[in-house]
Amino acid sequence: MGRGPAALEAVADALAADGLCIRSDFFPAELITALARDAHARFAEFQPAGTGAGPGRALRPQVRGDSTLWLESPGRSRAQRAALARFEMLRLALNGELHLGLFDFECHFAVYPPGAGYRRHFDRLAGDAQFAGAGGRVLSCVLYLNRHWPPEDGGQLRLYRPGAPALDVAPQGGTLVVFLSDRFEHEVLPARRERLSLTGWFRRRGQHL
Ligand code: OGA
Ligand code: MN
């Protein structure tokens, strides 16, 4: 498929048809390596991720065991700037093709230590714009940054598809998963090794907390 306009259109078409899209070559391999290196160099800045909204927000490591580092636009490194620019191209293409009114993109690096996962959840509940601090999230994106990920290492993203069997996606470097945030419940299965990703959300205007 490559990375030209046809690739952007293919993502939009898949999302229009299935609400879900999985690609392995949307980002150049060199960028995946550079992002992984960038994340590793900043591990000291990562913070354990919480769950819940407002005063109910708390660390629940048995529910969600990752630590995250939010990226700030336009990015603190060449790799971050390149990744954010690529997601911006995708945002514009999706707005052009699907009229989703996506106005921004927020993302963080996430690292799950061995044994950690994230229990079954929605990134946003249907009809609930205020869900869990997930202001206006329309599309969830996960870009994996791990080299050589055989199935026995675990750590799959399990996507529960309405009316279809659940789909397991290995967190293999370069794999990009994009899905409608209020349609697909999902979980992160525990992995046998460290599991790194860049996870983000396209948001719609006027719905955040
Ligand atoms: C999340 C999430 C999935 C993954 O951060 O909300 O579900 O595969 N991540 O890392
Ligand atoms: Mn999620």
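The values are calculated or read from the model by the stated rules, or taken from the named source; none is laboratory data. Only a predicted model underlies this, so the values are computations on that prediction, with no experimental measurement involved. We place every Cβ from the backbone using ideal geometry, glycine too, and count neighbours over all the protein chains shown. Note: accessible area is taken over every heavy atom of the protein model, side chains too, but ligands, DNA and RNA are not part of it. Shrake-Rupley method; radii C 1.70, N 1.55, O 1.52, S 1.80 Å.
Considering helices alone, the calculated mean residue ellipticity of the chain at 222 nm is -7500 deg cm²/dmol, with DSSP H runs of length four and up weighted by -39500 (n - 2.57) and normalised per residue. In terms of overall dimensions, region 1-124 has a Cα radius of gyration and Dmax of 16.3, 45 angstrom.
Classify the chain: rounded, prolate or oblate, from the alpha-carbon gyration tensor (a ≥ b ≥ c, eigenvalue square roots; a/c under 1.5 rounded; otherwise prolate if a/b is larger than b/c)? Here the chain falls in the rounded category. The phi-based Karplus calculation (6.51 cos²θ - 1.76 cosθ + 1.60; θ = phi - 60°) puts the 3J(HN,Hα) values of region 196-202 at 10, 8, 10, 10, x, 9, 8 Hz, whole numbers, x for Gly and Pro.
Placing a pseudo-label 7 Å from each Cα along the Cα-to-Cβ vector at R81 and E9 gives an inter-label distance of 3.1 nm.
Sort V178, V63 by accessible area with a 1.4 Å probe, largest first.
Values: V178 0, V63 35 Å².
Largest to smallest exposure gives the sequence V63, V178.
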